[in-house]
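Notes follow the structure.
The values are calculated or read from the model by the stated rules, or taken from the named source; none is laboratory data. Predicted model, so just to flag it, every value in this text is computed and none were measured. For neighbour counting, all protein chains shown are included, and Cβ atoms are generated from backbone atoms with ideal geometry for every residue, glycine included.
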Amino acid sequence: MLILKIAFRNICRNTRKTILLGTLIALGMAFLFFANAVFESADQGVRTSFVGSLTGDVVMASESETPFSLFGNEIPVIDDYEVIPSIPGYADISESLDSLSYTQAYTPVVSGAAGVEIGDYRGTSAVFGIVPESYFDVCGDIEIVSGNPADIADGGIFLCQMVKDDAEKKLGRPLEVGDEIKLSLYSDGSFKIRKGKYAGCHSYINQTPPFDAIILADPTIVRGLIDYTAGNLVASDKNNSEEPTAIDDFDFDTLFSEAEDSEKSAEEEFSLDKLESILADTTERDALAQVSSSAWSFVLFKATEGDENALKKELSALSKENHWNVEIKSWRKGAGLNAQMVFALKAAFDVGILFIIIGAVLVIVNALVISVLERSYEIGTMRGIGAGKPFISALFIAESMMLTLTAATVGIIIGIIASAIFAGGIPLHNNLLITMFGGDVLRPVVTFKNIALHFAGAALVGALSWIYPVSLAVKIQPVMIMGRG
């Protein structure tokens, strides 16, 4: 208690220095607290935008060396569209999904991109083939503006509100249920066109990129567009297989080793009619060209409240146990770069915070060192009347911690007040910022966790600041006062 009284007296005695140093710490802490409150709002905004409207809490996808999100290849390339690989053996996998402990709902999705043509209107959109009965259980934040989602399963297409508005503006008339919509995609050297019918319109909580160009469609349409046919999937499985094929084992040196001349009768000769009869049988070709009804790009899962990590671990363990060639992703990876930009910005901000903390430590250390030098006579006197090194150390530690924590408390209060002032929202007008922060309005969020972290950070700054000044103070000997006598 005596040490605290002396520390408080010393802080109050040097009023000018205390006010200057305390003001710097308080303003720095206020800025950091308000900035983190804004980023907390951004984190919640991005999560709300993507989890409830697009990705669910956890995403299952096919294993691939190329990183894919729901919007396609995450590696920017100037080339034709790269089709997202389908989940191998989904029919078997789906039988195990109903037994999951931490899942409220799940839904498979076929993901692609396409040019959209409605009369004279032309546009480009992300296209999701969905199962309406389960999709809106996972993505419950999607608002149905018009139409019946059940019609999607019957060749229907739901347009996002912005796409619908642009199309109606171009056409000069409102869209009607049943209007023909053409979807087109160029991929792997071929151009595919599929037709559907307008079934309705939907909108998202945040009308921002990339949400403003998403359309929902019958999965059969999207599968045909991105070539999820039986033949293509079989070829893909063979290409991805590590087992050697007959061609790999073939020895070309033995190709003609046992060749012999042979004679065929006229009845066995090959004729044009026989060739036409062979080519006329298209059964196998038609079977390979059929769209695979079990091909899906992703499975989206909605976890029970607070069990997102538990669900992810459960799925990972289940896939490993059953040797599924799948990858279990967080919602951030499922959303791709659009959702990860805000976290990259937050990481950059955290690095900036580190430099600010280092700067604060240096400022406080400098002030304390000057204080030690100015009070060397006082310290020498205390040593002369019996004060030991532990007492001197405790005194300067108490001073630095008292000053730092008091100023930090004031700064946190200022940050809370600033957050309350801007609680109505900070409007954003730049599309990039709107996408990064999950909405066109930022509302600072004050949480107990945020307060505790900043207070702990201030304590750390105070703890680091006294190390060098204290080492100087304890080196001052009683003989210092004799020189002034």
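Results, tabulated for the structure shown:
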read-out: Residue within region 63-70 that is modelled with pLDDT of 90 or more and either of a type in the set (Ser, Thr, Tyr) or not in a helix (DSSP H, G or I) (or both) present; value: yes
read-out: Candidate set: region 316-349, residues that are touching a helix residue (DSSP H, G or I) at 6+ places or on another chain (Cβ under 9 Å) and of a type in the set (Ser, Thr, Tyr); chosen: the one modelled with the highest pLDDT; value: 319
read-out: In region 185-205, the residues that are of a type in the set (S, T, N, Q) and within 13 Å of residue 227 (Cβ to Cβ); value: 187, 190
read-out: Residues located in region 137-177, provided they are in a loop (DSSP other than H, G, I, E, B), surrounded by 14 or more Cβ atoms within 10 Å (Cβ to Cβ) and acidic (Asp, Glu); value: 141
read-out: Top-ranked residue in region 476-485 [being in a helix (DSSP H, G or I) and among the β-branched types (Val, Ile, Thr); ranked as modelled with the highest pLDDT]; value: 479
read-out: Region 162-176: number of residues that are over 11 Å from residue 123 (Cβ atoms) and of a type in the set (Gly, Ala, Ser); value: 1
read-out: Flag if residue 80 is at pLDDT below 80, touching an Asp or Glu at 6+ places or on another chain (Cβ under 8 Å) and over 30 Å from residue 455 (Cα atoms); value: yes
read-out: Criterion (modelled with pLDDT under 90, out of contact with any Lys or Arg (no Cβ under 6 Å at 6 or more places or on another chain), at positive phi and surrounded by fewer than 15 Cβ atoms within 10 Å (Cβ to Cβ)) met by exactly one of 352, 306; value: 306
read-out: All positions within region 178-196 that are small (Gly, Ala, Ser), exposed (fewer than 15 other Cβ atoms within 10 Å of the Cβ) and closer than 21 Å to residue 84 by Cα; value: 189, 190
read-out: From the options 111, 125, 134, residue that is touching a Ser or Thr at 6+ places or on another chain (Cβ under 6 Å), small (Gly, Ala, Ser), outside any loop (DSSP other than H, G, I, E, B) and within 14 Å of residue 226 (Cβ to Cβ); value: 111
read-out: Meets criteria (in the same structural domain as residue 416 (by TED's automatic domain parsing) and either in contact with a helix residue (DSSP H, G or I) (Cβ under 8 Å, 6 or more places away or on another chain) or on the phi > 0 side of the Ramachandran plot (or both)) for residue 35; value: yes
read-out: Lone qualifier among 188, 179, 212 - being at pLDDT below 90 and under 24 Å from residue 136 (Cβ atoms); value: 212
